[in-house]
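Data block below; observations after.
Only the coordinates and a few stated rules stand behind these numbers; no lab work does. Note that the structure is predicted; figures quoted are calculated from it, not measured. No Cβ is skipped: glycine too gets one built from the backbone with ideal geometry, and neighbour counts run over all protein chains shown.
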Amino acid sequence: MKRSWFWTALVATFITVVAFLAPQSVHAAEKTYTIGTDVTFAPFEFANKDNQYVGIDIDLMNAIAKTEGFKVNIKPLGFNAAVQALEAKQIDGVIAGMSITPERQAKFAMSDPYYTSGVVGAAKTGAHIKSLNDLRGKKVAVKTGTASADYVNSIKKKYNLTVVTFDDSNNVYQDVITGNSAACFEDQPVMQYGIATGLALKIFTKPAESGTYGIAIKKGEPELLAKVNAGIKKLKANGQYDKIVAKYLGTGSNKSQKEKNDSTQETDHSFLGLLKTNSGTLMGGLGETLLLTVVAIVCATVVGILIGLLGVIPNKLAQGTATTFIYIFRGLPLMVLALLIYTGIPSLTGTKIPAFVAGIVTLTLNEGAYTAAFVKGGIGSVDKGQMEAARSLGLPWSKAMRRVILPQGIKIMIPSFINQFIITLKDTSILSVIGLLELTQTGKIIIARNMEGFKIWTMVALMYLIIITLLTWLSNWVQKKVNA
Amino acid sequence: MTTRVEMKNVHKQYGNNDVIKGVDLQVQDNEVVVLIGPSGAGKSTVLRMINGLETTTSGSIMIDNVDIAKPGVNINAIREKIGMVFQHFNLFPNMSVRDNITLAPIELGVMDKATANAEADKLLATVGLSEKADEMPNSLSGGQKQRVAIARALAMKPEIMLFDEPTSALDPEMVGDVLAVMRKLARQGMTMVIVTHEMGFAKEVADRVVFFGDGHILEQGTPEQIFDHPNHPRLQTFLNQVLNA
């Protein structure tokens, strides 16, 4: 029996899989270190109105590199993604207002302390909360993995607090402003920055000493650790450190903080004003979203069709492979899959995966599994008599499939394909967890600076809707062409 | 006389359920064999075994001295010389009437496109549907569809034709046209195996009628023997039911 078509398909699947799993070789130039950082932790790190990353940590890291004579490539990944990337040894260090804890010291090489943080509590302006005692039995919000989270956990028994955690500072504040939580806790400069930017919050505690910030360095980089420690020491001694801190915090008063903020902020906070200032940044995010979507749709469609076909080949092994693929990758939540691929695989194999590649692989596997399921179902829904009639004429299985079954199956599948394309576009937003600067992540970053959550999310939502509308029109047009 | 099909002690089981329980059946060259019997007797299953659409549990099926019940046989080559017509036509709705007919000869490299098209037009003329060549199957009536299906099955120039209840899904007024085409084929000497409930037609065209009951062949013979002098009590009951319905 001639099955050349089938073998071609099988070989193509194999090549696709190998291409995805092949290690991405990344050659770092000598003495350039990649340092990850958060994107939403003003005033330590945040994007200013020109979409440049600025803040105490950024300036400090650059100053250390300058005095110690090495190059640094600062990657704004988001806090969790940065820590996970460091764990997976995808980057050399993280500077992101990280408290020095025994757990972190065990995992990474932590530098000497460069900042002593003080955690403060804040409540809604006008709320009758004057001290920790007023919080008894209430809900408080903190950001995950921060010194304030540790602090709140240390006092939650005493004051009978319920703790809710968020990945973004702005969500922490909004939870208090909307009244879900009675108060939030955050490092003093961070909180002060937010309030100076216009948050309707009021600090009601004195800064509680909660620990010190250090730079996390990849284990096995003693040279970098030594340079970082030496740099911190020199900058503190020559006064440059104090200058950097003052540049963002002013004298510590609310008024001087406000003045400092204005240098990085949009002047016009109206919807149109914000849109005008941020349109470039948002369009950049949209571009990344579209690129992710298009590449993911192409890869997921190819993989989905191949796996779907594997599922209908009259061969137990092929069908088992397809069923298992669909079972695993349709069963895993997209976010879990993304984190597993981005941080899990490198920690196992020791090879880096760029976030974009990890994102595409994630979408390809997940959307590909859904595609495979409806491709398999679509083919299965073609009348069994069609295959019998084609085979009775002497056509081999592959020819019968290609000429008779697939053309009919694809017609049945078209609405599912359109649906899947739209889902893929929306699912790219989940990839913000691995630090991809797509539209949703871009929105988060802008909000971290200007605290205008509602207006910015409205812009982001409208952009998604416009693209989805265009995609739907295009799909309907294609569908009409096919059915004509 | 040359034996074209020879089934020997053929069995088929679905799980623990015996469907075909030891069938021996021969079809000679140019012979028209009609399989009759109540529903579930196994006649369609046996017919579909002749071109390998149905597998066997044991026994042998020799087509021109090749046992197609053996694994590893090139069933596609066998099918090229056996045409089949289905109860529900099974035309390919995604292609025109002409493309339905030319698909196999072109795909299998038997004819080039021009030859296949010319051949298709000839076949359509034979079944009286010349003007329908460019139509899509869904615009045809049931009787027209079945005649196209016959033309499609003939396109590979088969030596044997299998008909699986070709008129059962048709409105009564359409049956005549389809039977007329089959009658023409029989007269031209085509070797045919037909499963049908059209007893009048069976009587008219069959060289031999085979009566199936419960997975066995219970009686076979000329149309006169079967219809006028039935021996087996089950055949007598069956004929009474069918002819007096």
Open item on the list: What is the angle, in °, between the Cα long axis of helix A:271-310 and the longest principal axis of the Cα atoms in chain A? Nearest 10 is fine, range 0 to 90.
Closed with: 40 degrees
- [ ] Let me know the shape class of region B:1-42, please: from the alpha-carbon gyration tensor, a ≥ b ≥ c as square roots of the eigenvalues, rounded when a/c is under 1.5, otherwise prolate if a/b is greater than b/c, or oblate.
- [x] oblate
Open item on the list: For a 24 Å ceiling on Cα separation, which of these pairs sit above it: A:Lys130/A:Lys255; A:Lys426/A:Lys481; A:Lys75/A:Lys227?
Closed with: A:Lys426/A:Lys481
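Would you mind calculating the relative contact order of chain A from Cα pairs under 8 angstrom and at least 6 residues apart, reporting the percent as a whole number?
On the way: 779 pairs, mean separation 92.9, N = 484.
For chain A, the relative contact order is 19 percent.
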TODO: Express the relative contact order of region A:94-244 as a whole percentage, based on alpha carbon pairs under 8 Å and six or more residues apart in sequence.
DONE: 41 percent
TODO: Can you pull the one-decimal nm distance between simple spin-label points at B:Val73 and A:Thr251, each 7 Å off the Cα toward Cβ?
DONE: 10.2 nm
TODO: Please give the average number of partner chain Cβ atoms lying within 10 Å of the Cβ of each residue in B:104-112, rounded to a whole number.
DONE: 3
- [ ] Take the Cα coordinates of region B:62-105, assign each an equal point scatterer, and use the Debye formula without solvent to give log10 I(q)/I(0) at q = 0.17, 0.22, 0.28 Å⁻¹.
- [x] -0.65, -0.85, -1.02
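Taking R0 as 41 Å, what FRET efficiency do you get between A:Lys411 and B:Ala125 from their Cβ-Cβ distance, rounded to the nearest 0.05? Walk me through the numbers before you get to the answer.
On the way: r = 32 Å, r/R0 = 0.77.
Working from the Cβ atoms, E equals 0.85.
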Open item on the list: At 1.002 mPa s and 20 °C, plugging the Kirkwood radius over alpha-carbon pairs of region A:56-214 into Stokes-Einstein gives what diffusion coefficient in µm²/s?
Closed with: 129 µm²/s
- [ ] Taking every Cα atom in chain B, find the radius of gyration and the maximum pairwise distance Dmax, and write them in Å.
- [x] 18.0, 55
- [ ] Assuming R0 = 22 Å, can you tell me the calculated FRET efficiency for the pair A:Asn48 and A:Leu291, based on Cβ-Cβ distance, to the nearest 0.05?
- [x] 0.35
Open item on the list: Could you give me D for region A:160-290, from Stokes-Einstein at 25 °C and 0.890 mPa s, where the hydrodynamic radius is the Kirkwood radius over C-alpha pairs? Units µm² s⁻¹, please.
Closed with: 134 µm²/s
Task: Positive-pole candidate from B:Val5, B:Val175, B:Phe227, dipole of chain B, charges at beta carbon - done: B:Val5
Open item on the list: Between helix A:222-238 and chain A, what is the angle of the helix's C-alpha long axis to the longest principal axis, kept within 0 to 90° and rounded to the nearest 10?
Closed with: 30 degrees
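How big is region B:1-147 by the Kirkwood estimate over distinct Cα pairs, in Å?
Values: mean 1/r = 0.0573 Å⁻¹.
That comes to 17.5 Å for region B:1-147.
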Open item on the list: What do you get for the angle between helix B:113-126 and the principal long axis of chain B? Use alpha-carbon atoms, 0 to 90 degrees, nearest ten.
Closed with: 60 degrees
- [ ] Calculate I(q)/I(0) for region A:355-405 by the Debye formula, one identical point scatterer on each C-alpha and no solvent, and give its log10 at q = 0.19, 0.25 Å⁻¹ to two decimals.
- [x] -0.67, -0.86
Open item on the list: Rounded to the nearest 20 debye, what is the charge dipole size of the protein assembly as shown about its Cα centre when +1 sits on each Lys and Arg Cβ and -1 on each Asp and Glu Cβ?
Closed with: 2200 debye
Task: Part-to-part distance (alpha-carbon centres) for region A:255-285 and region A:421-477, which is given in Å - done: 19 Å
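Report, to two decimal places, the Cα Rg of the protein assembly as shown normalised by 2.2 N^0.38 Å (N = number of residues). Present the calculation step by step, with values, prior to reporting the outcome.
Working: Rg = 38.2 Å, N = 729, 2.2 N^0.38 = 26.9 Å.
Rounded to two decimals, the normalised Rg is 1.42.
Do the alpha carbons of any pairs in A:Lys124/A:Lys156; A:Lys219/A:Lys260; B:Lys43/B:Lys81; A:Lys71/A:Lys234; A:Lys143/A:Lys260 sit beyond 28 Å of each other, and which pairs? Before the final figure, lay out the partial values.
Values: A:Lys124/A:Lys156 20 Å; A:Lys219/A:Lys260 36 Å; B:Lys43/B:Lys81 21 Å; A:Lys71/A:Lys234 17 Å; A:Lys143/A:Lys260 24 Å.
A:Lys219/A:Lys260, as the Cα separations exceed 28 Å there.
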- [ ] Would you mind getting me the FRET efficiency between B:Glu159 and A:Lys481? Use the beta-carbon distance for r and R0 = 45 Å, nearest 0.05.
- [x] 0.55
